[in-house]
1. With every protein chain kept in place and ligands, DNA and RNA left out, what is the accessible area per residue of the range 27-88? Probe 1.4 Å, answer in Å².
2. With a 1.4 Å probe and every protein chain left in place, tell me how much accessible area D230 has, in Å² to the nearest 10.
3. Determine ³J(HN,Hα), in whole Hz, for all residues of the range 33-49 in sequence, where each value follows from phi through the Karplus function 6.51 cos²θ - 1.76 cosθ + 1.60 and θ = phi - 60°; x replaces Gly and Pro.
4. Can you give me the % of accessible surface on the chain that is carbon or sulfur? Probe 1.4 Å, all protein chains present, nothing else counted.
5. Determine the principal axes of the Cα atoms in the range 228-306, then give the extent along each, sorted from largest to smallest and rounded to whole angstroms.
6. If I take R0 = 22 Å and measure r between the Cβ atoms of R351 and I102 in this structure, what FRET efficiency does the formula 1/(1 + (r/R0)^6) give, to the nearest 0.05?
7. For the charge dipole of the chain, defined by +1 on Lys and Arg C-beta atoms and -1 on Asp and Glu C-beta atoms about the Cα centroid, which residue among P174, V42, G344 has the Cα displaced farthest towards the positive pole?
8. Can you list residues from other chains, or at least 5 along the same chain, whose modelled amide H is less than 5 Å from the amide H of R155?
Amino acid sequence: MKMMTTDANSKLLPLTDAVTSSPAPLDGKRLLNDLTRKELEVWCVAQGAQKFRADQIRRWIYGKRVNDFEAMTDVPAPLRRQLAEQFVIFSSRIVRRQTSQIDGTEKLLLRLHDGEHVECVLMKEDDRRTICLSTQVGCGMGCVFCASGLQGFTRNLSTGEILEQVLHLDRLLPPLERITNVVVMGMGEPLANLPNLLRALESLEEKGGLGMSTRRITISTVGLPEKIRDLAKVDKSYNLAVSLHAPNEELRSELVPMNAKVGLERVLQAADEYFELTGRRVTYEYCVLRDRNDSAAEARQLAALLRGRNAHVNLIPMNAVSGLPYTDPFAERVREFTQILEQGGVTTTVRKRKGADIDAACGQLRLRAEAEA
Ligand code: SAH
C-alpha cells in the first residue's frame, strides 16, 4: 500500500484512491469488537467450540496485529469460517493520514461504514505511546472554541468503532512498540456515550486485549455531574479530566454553553466525589484563549476555586481553528497564569503542543476534509 506523506504545508493527501473510494461494507455482518471478551466466549461456545478460543482470537487481533480470520492459524478452520461468515474486524477505512514533521504525531481520519468520519491520534514521547480516541461523530456540547461541535452531534460510536481506532493506530507502530497510554479526548463527549466507552475500555484491559492498566487511561469530560458519579461507581481507577476553561459561572457559560444548564458548583462537587470515591486526583483542563480567559484576575480566581481540592490544572493553549473568533494566547500570558496558580497552591502543567502542523486539535481534520470534499 502506498503510504501518505505530509508535505511542508501539510496538505491532505489520500492514502490511495482505492482506500478513499468506499467504507468497508458490513454486509449484514457484525463488528467483532462490539463483543466483549465474555460475549465472544459465549459465541465460541454457541458454535460448539471451547471458550478459550475467544482469547486466542483476541490475541491475534491485539497482540499479533492480524487483520484477517484466515491468518489465525491455531484457531480451528471451521471456527475461522464461522468467524468470517458472521463478523468483520474492521468496519472503517483510513482515508487520511497525517504525520507531523515536528514531533512525529500521527493523525488518522477514518471513514465509518455509514460514510461518517472520526479522527484519532498517536503521540510519541520518550517511551510513551499515547493514543487519543473519539467517542462520537460530532459533539452536542457546543464549546465555542472547539471544531468538533461546529456541526453538532450526529451519533454515538459503537464499542467496536471505538476499539477500531486503537487497532488502526496500533498498527502504525513498529513490531516491538506498544500503546502505553490512552486519552479519551478526541471528538465527542465520552460521558454521553458511557456504556459503549466502558465496554471498549474493559476489552482493552481484559486478557487478550492490550493488557492496559486503568491507571494509564484518562477520560476527559465537559463535566456532566450525574455521569461523573456513574463513572466513579464503576470502581476502576480511570483518570478523570474535567474541561473547566473558566473560573466563574458567567464566563464558563459563555465558553461552554452546557454549563448554563449544569452550573459550575455541581461540576466541581461531582469531581470532588470522584476523588473521594476513587482516590484519583482530578485534572482540570483549561483551554487558554487570548484575551478571553487568560488574565491575571482569572488566574487568581481559578486558584481560589481549586485550592484545597486536590486538583491539578492542565493549561492547553488554544489550537486556532479557522473561522472561529478565538485564538492562541501569548506565551508570556500563559507563563504568568501558571505562576499565579502555582503561587496559589495549585499544581499546574502546560500541555505541549503536539502535531501543530497537522490540525491535531479535536475535530479539525474532519472539518477540513469535509470542507475540501
Ligand atoms: N468532550 C470532552 C472531550 C473532548 S475535547 C471534553 O470536553 O473534555 C478534549 C479537550 O480538548 C477538551 O479539554 C477541549 O476543551 C479541548 N479542546 C477542544 N478544542 C480545542 C482547541 N481548539 N484548542 C485546544 N484545546 C481544545
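1. Normalised by residue count, the accessible surface of the range 27-88 is 51 Å².
2. So the heavy atoms of D230 present about 70 Å² to solvent.
3. In residue order, the calculated couplings are 6, 6, 8, 6, 4, 4, 5, 5, 4, 4, 4, 4, 4, 5, 8, x, 9 Hz.
4. On the way: 8060 of 16000 Å².
Answer for the chain is 50 percent, counting heavy atoms of protein chains only.
5. Extents along the principal axes: 40, 24, 18 Å.
6. It comes to 0.90.
7. V42
8. Correct list: V137.
The values are calculated or read from the model by the stated rules, or taken from the named source; none is laboratory data. The model shown is predicted, which means the values in this text are computed figures rather than measured ones. Cβ: placed from backbone, ideal geometry, glycine included. Neighbour counts: every protein chain shown. Ligands, DNA and RNA are stripped out before the accessible areas are found, and what is left, the full protein with its side chains, is counted by its heavy atoms. Shrake-Rupley method; radii C 1.70, N 1.55, O 1.52, S 1.80 Å.
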